[in-house]
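A quick write-up on the structure given underneath.
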């Protein structure tokens with residue numbers, strides 16, 4: 001049920017604006033892309049409309065159902081847990097909207113991403129900046145659009161603990177935020193040789209461009 005609310009909360013984001021600074025780093029449109037952790041399919045839809053050959057994966061069946069409704073094409077969507085090796089290889093893998101922050105253990109997932117890339121492939125992801133943890137130390141948002149909800153977040157040195165309350169139901173979501181040194185260590189450990197960190201259109205985040 002959380003996927004249903006998440007989709008509505010993410011509806012008004014300008015996904016073209018998010019993608020614009022990243023497009024120069026994507027492979028040519030005749031190459032195959034993977035949207036890893038595609039959620040309800042917002043980024044996936046934008047990439048398809050831009051002409052990219054892209055499929056999406058997620059480990060949440062409800063997210064995939066919503067994405068399928070958005071795309072009306074099940075051939076673009078597959079269930080997969082990124083803690084497991086990918087079954088296909090890609091020229092580019094994109095993982096946006098803090099998907100990486102749901103992984104407490106980084107190395108298994110990053111290794112699977114690396115091994116799922118073709119030679120000279122690129123992995124693009126975003127992650128919250130470390131200082132964001134301080135901003136969210138004791139955060140609370142109460143709103144009635146697009147529905148009545150309360151979102152509370154507490155943080156410590158590496159963890160964000162979110163409590164989402166809607167219609168007297170609580171949903172707990174944990175995320176993990178590390179410093180640049182930690183991400184770079186894991187990326188280089190699995191074999192990425194060229195890693196660039198850029199600013200994007202979400203000032204809370206760093207964007208990593210990782211070449212195989």
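Figures for the structure shown
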read-out: Every pair of residues 6+ apart whose Cβ atoms lie under 9 Å, when the first sits in the stretch 20-41 and is outside the structural domain of residue 57 (by TED's automatic domain parsing) while the second is surrounded by fewer than 17 Cβ atoms within 10 Å (Cβ to Cβ); value: none
read-out: Residue within the stretch 92-102 that is at pLDDT 95 or above and either over 17 Å from the mean Cα position of the chain (by Cα) or more than 29 Å from residue 161 (Cα to Cα) (or both) present; value: yes
read-out: So residue 46, is it at pLDDT 95 or above and closer than 22 Å to residue 174 by Cβ; value: no
read-out: Test: residue in the stretch 125-141 that is assigned to a helix (DSSP H, G or I), in the same structural domain as residue 193 (by TED's automatic domain parsing) and closer than 18 Å to residue 41 by Cα; value: no
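The values are calculated or read from the model by the stated rules, or taken from the named source; none is laboratory data. It should be emphasised that the depicted structure is a prediction, and the values quoted were computed from it without experimental measurement. Here the Cβ is made from the backbone with ideal geometry for all residues, glycine too, and neighbour counts use every protein chain on show.
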